[in-house]
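The values are calculated or read from the model by the stated rules, or taken from the named source; none is laboratory data. Here the structure is a predicted model, which is why all the values come from computation and not from measurement. Reconstructed Cβ throughout: ideal geometry from the backbone, glycine too, with neighbour counts over all protein chains shown. Keep in mind that these areas ignore ligands, DNA and RNA; they rest on the heavy atoms of the full protein, side chains included. Shrake-Rupley method; radii C 1.70, N 1.55, O 1.52, S 1.80 Å.
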Amino acid sequence: QFLGPNFTESYCWPPVARGCDVVAISYQGNDPFLYIPPVLTFLQSGSCYKALPNRNGPLALILCPGWKKAQLVFELLKTYERCSRQLHPMLIILGQNKEEARSVKIRGCEVIVTTPYSLLRLFEHHSLLFCRLCHLVLDEIEVLFSDATKQVFTILDCYKKAIITEEWEYSPHQIIAVGTRWNKHIAQLIKEFMNDPYIVITAMEEASIYGNVQQVVRPCTNSERTDVLLKILDFTHDNLQKVLVFTNSVNEAEMVHKALKSNSIFSLKIHKESKFNFKYILEQWTKKYSSGIHVVLVLTDDCMQSLGITDATCVIHFGFPSPRIFGQRLHSMSDNFCKVIKDSSVDQEYTKARSVILLTENSACHALGILRYLQRAEAEIPPELHDFTSKMLEDEEDKKFSRPLCAYLKTFGICKNRTVCPDRHQINLQIDVPQNIPDKIIQTPGCVTILPLHIVNATNYFGRIVDKQKDQYTTLAEEINEYFKKPSNKISVKNVEKLAFYGLCEKTLFHRVQVIEISPKEDENLFFNVKIQYIDEGRTSQVQSYQLLHLPARFQCLPPQAVEFVVCRVKPVDNEMEWNPKVTHYIHHKIKGKLHEAKIVHTLGNTAWVDPMVGIELLSDLKMSVNEYNVRSEILSTGLGTDNPDHITQLQKL
């Protein structure tokens with residue numbers, strides 16, 4: 001069902017399939033399909049690899065920024081290698097356990113998918129890993145360079161040393177780097193490790209960073225914009241200057257054109273309501289002008305495509321752009337982008353392409369995206385833009401005030417992507433007042449007995465706090481199950497209400513549940529799906545409406561018992577923000593449904609942070625219990641977890 005390569009793939013596939021070095025920056029740059037089909041195509045030609053040493057080692061190595069992306073790439077490889085010769089791909093994700101790295105066998109494997117950290121751990125015990133390596137793929141290059149710069153350059157050095165021997169003279173050697181954004185380290189990658197690469201950039205704002213366009217920000221009030229524009233255009237220059245002034249509306253274009261005219265500046269104008277046609281404007285724009293002349297065209301964004309201008313020397317953003325429109329405007333100067341990577345150690349002179357942004361009090365909407373872009377372009381940023389975006393970020397956070405507290409903040413103490421994260425990163429005293437946690441525990445935090453019942457990941461669980469003297473829930477559960485044993489008490493609910501409490505039979509046990517979402521009812525069907533939460537366990541599920549049973553009021557008196565528990569001071573290795581499923585599976589098997597002793601060190605809302613959390617074994621004969629394991633230590637022992645000393649401190653700062 002594949003319809004054919006998209007725009008960027010059409011440019012990338014031919015050079016990749018020919019074995020050339022390629023850098024591709026695109027809005028779809030995180031899609032592995034940019035390189036998988038052409039790399040698989042090249043790997044079919046076995047004759048290319050005859051000169052390689054007859055040893056074990058991969059022909060292709062795909063470096064991904066994390067285990068999740070590596071897993072996706074590996075699944076795609078397994079799917080598409082069905083149409084090719086057997087390559088025996090391997091997914092290798094290694095923690096800090098040296099024995100695990102030592103035991104990896106790569107016999108017969110021709111493609112390895114891994115992460116920079118995992119690869120270097122493997123390389124410690126497999127020194128011939130690069131001896132047959134022909135294709136090195138860097139997936140999401142900007143993330144690799146921002147999260148693992150040192151590790152990526154170490155791998156590139158190893159690859160470079162491996163291919164300088166004589167036996168490589170007749171063998172392919174190729175580096176492919178794909179991503180969504182330009183990164184300053186890509187220049188070094190091209191200069192030091194690639195051989196005359198194809199550089200494909202279909203995201204124009206990224207092309208302008210590569211093209212070394214000078215970015216200038218001029219802060220001013222909205223009413224001062226015209227005066228600032230006139231000052232910018234009041235320049236003397238020996239070369240021909242072709243200037244585009246972009247406005248956000250027809251009225252704005254008319255106003256700017258009139259102001260230029262009244263100040264004796266020759267200018268053209270075009271917008272959807274203007275009487276001049278595109279042919280006339282292009283004739284005027286492309287005329288042969290002598291040096292020192294300024295050609296100024298005032299226009300709206302909707303005229304860009306029809307004009308197709310690419311030889312402007314300056315773009316002035318009179319109307320503040322969105323990041324995507326910004327890239328399209330910059331494309332108007334693409335003929336003047338620098339085409340050669342300059343040495344970053346030498347002071348660079350900018351090309352004749354220049355972009356000027358007028359920053360006003362009305363620029364709030366897209367200021368953050370433009371600020372991030374300017375930072376990557378290493379432009380000089382006025383303090384006004386920083387102040388502007390700080391205020392904007394505060395306003396954005398205030399809009400999230402009724403949202404749940406961010407899961408990453410709870411689990412690790414930090415959230416790397418606050419601006420795109422939909423959840424809250426500040427304390428809301430109304431929501432964060434402790435729930436489902438007994439008052440005596442909040443007042444005197446100490447050791448409690450907990451029973452994890454629903455494992456979300458390696459450090460997050462839902463379960464109950466068990467009262468050692470007399471556990472109210474145990475008594476209630478017995479009464480509920482006794483009640484529903486009588487068939488006459490199993491009364492199906494006719495009118496299901498959102499947030500109401502009901503009974504639900506699961507195998508032989510009955511649970512208290514709350515309806516949290518009701519699917520739209522289809523006309524023909526009497527029954528419909530409802531999303532429910534097991535209020536004493538914390539897990540959610542989809543069930544049919546007819547499965548819900550009437551729950552007598554006396555069984556609703558005891559508040560919901562489910563509490564979220566977070567194990568403190570441990571996080572995934574290698575700057576990952578999500579737990580590897582191997583750790584979660586191991587912890588799930590070890591702790592689910594078993595009693596643990598835990599010390600509550602912090603509470604917010606329905607969440608209790610515990611440190612330590614210890615598995616206990618009850619010795620009924622001796623009427624005592626013994627500590628069997630420490631959950632945090634068990635996570636660390638997998639090699640896929642590491643110390644997170646600032647976890648609670650970060651939460652307390654909030």
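Considering (1) surrounded by 18 or more Cβ atoms within 10 Å (Cβ to Cβ); (2) charged (D, E, K, R); (3) not in a helix (DSSP H, G or I), the lone condition that Arg107 does not fulfil carries the number (1). Within the range 371-389, not a single residue is loosely packed, with under 15 Cβ neighbours inside 10 Å, modelled with pLDDT under 90 and polar (S, T, N, Q). When the range 554-563 is filtered for residues that are in contact with a helix residue (DSSP H, G or I) (Cβ under 8 Å, 6 or more places away or on another chain) and of a type outside the set (Phe, Trp, Tyr), the ones remaining, listed by number, are Leu558, Gln561. Cβ-Cβ distances below 6 Å connect the following pairs, each with a first residue in the range 43-65 that is in the same structural domain as Lys105 (by the TED database) and open to solvent by 20 Å² or more (accessible area, probe 1.4 Å), a second residue that is small (Gly, Ala, Ser) and outside any strand (DSSP E or B), and a separation of six or more residues or different chains: Gln44/Ser84; Ala51/Ser171.
Condition check: closer than 25 Å to Gly369 by Cα, in contact with a helix residue (DSSP H, G or I) (Cβ under 6 Å, 6 or more places away or on another chain), crowded, with 17+ Cβ neighbours inside 10 Å and assigned by the TED database to the domain that holds Lys68. Does Phe145 satisfy that?
For Phe145, the condition - closer than 25 Å to Gly369 by Cα, in contact with a helix residue (DSSP H, G or I) (Cβ under 6 Å, 6 or more places away or on another chain), crowded, with 17+ Cβ neighbours inside 10 Å and assigned by the TED database to the domain that holds Lys68 - is met.
Identify, from the list Asn481, Asn457, the residue that is within 30 Å of Ala598 (Cβ to Cβ), in contact with a helix residue (DSSP H, G or I) (Cβ under 9 Å, 6 or more places away or on another chain), of a type in the set (S, T, N, Q) and surrounded by fewer than 20 Cβ atoms within 10 Å (Cβ to Cβ). Result: Asn457 is the single residue among Asn481, Asn457 that is within 30 Å of Ala598 (Cβ to Cβ), in contact with a helix residue (DSSP H, G or I) (Cβ under 9 Å, 6 or more places away or on another chain), of a type in the set (S, T, N, Q) and surrounded by fewer than 20 Cβ atoms within 10 Å (Cβ to Cβ).
Restricting to the range 224-254, give me the number of residues that are part of a helix (DSSP H, G or I) and either of a type in the set (S, T, N, Q) or under 19 Å from Glu361 (Cα atoms) (or both). Before the answer, list the steps.
In the first step, residues of the range 224-254 are kept if they are part of a helix (DSSP H, G or I); the result is 224-233, 250-254.
Subset that is either of a type in the set (S, T, N, Q) or under 19 Å from Glu361 (Cα atoms) (or both): 224-229, 251-252.
Going through the range 224-254 one residue at a time, the tally reaches 8.
Only residues that are surrounded by 11 or more Cβ atoms within 10 Å (Cβ to Cβ) and among the small types (Gly, Ala, Ser) were counted in the range 266-292, giving 3. Given the criteria modelled with pLDDT of 95 or more and not charged (D, E, K, R), does Leu72 qualify? Here the answer is yes, as Leu72 does meet what is asked.
Give me a count of the residues in the range 1-34 that are open to solvent by less than 30 Å² (accessible area, probe 1.4 Å) and hydroxyl-bearing (Ser, Thr, Tyr). So the answer is 2. Gly639 falls short on exactly one of the conditions (1) open to solvent by 20 Å² or more (accessible area, probe 1.4 Å); (2) at positive phi, and that condition is (1). Restricting attention to the range 396-429, the residues that are outside any loop (DSSP other than H, G, I, E, B), open to solvent by 20 Å² or more (accessible area, probe 1.4 Å), under 27 Å from Asp643 (Cα atoms) and in contact with a helix residue (DSSP H, G or I) (Cβ under 9 Å, 6 or more places away or on another chain) add up to 1. Please determine, by comparing only the residues of the range 615-635 that are closer than 15 Å to Pro452 by Cα and β-branched (Val, Ile, Thr), which one is surrounded by the fewest Cβ atoms within 10 Å (Cβ to Cβ). Residue satisfying both the conditions and the ranking: Ile616.
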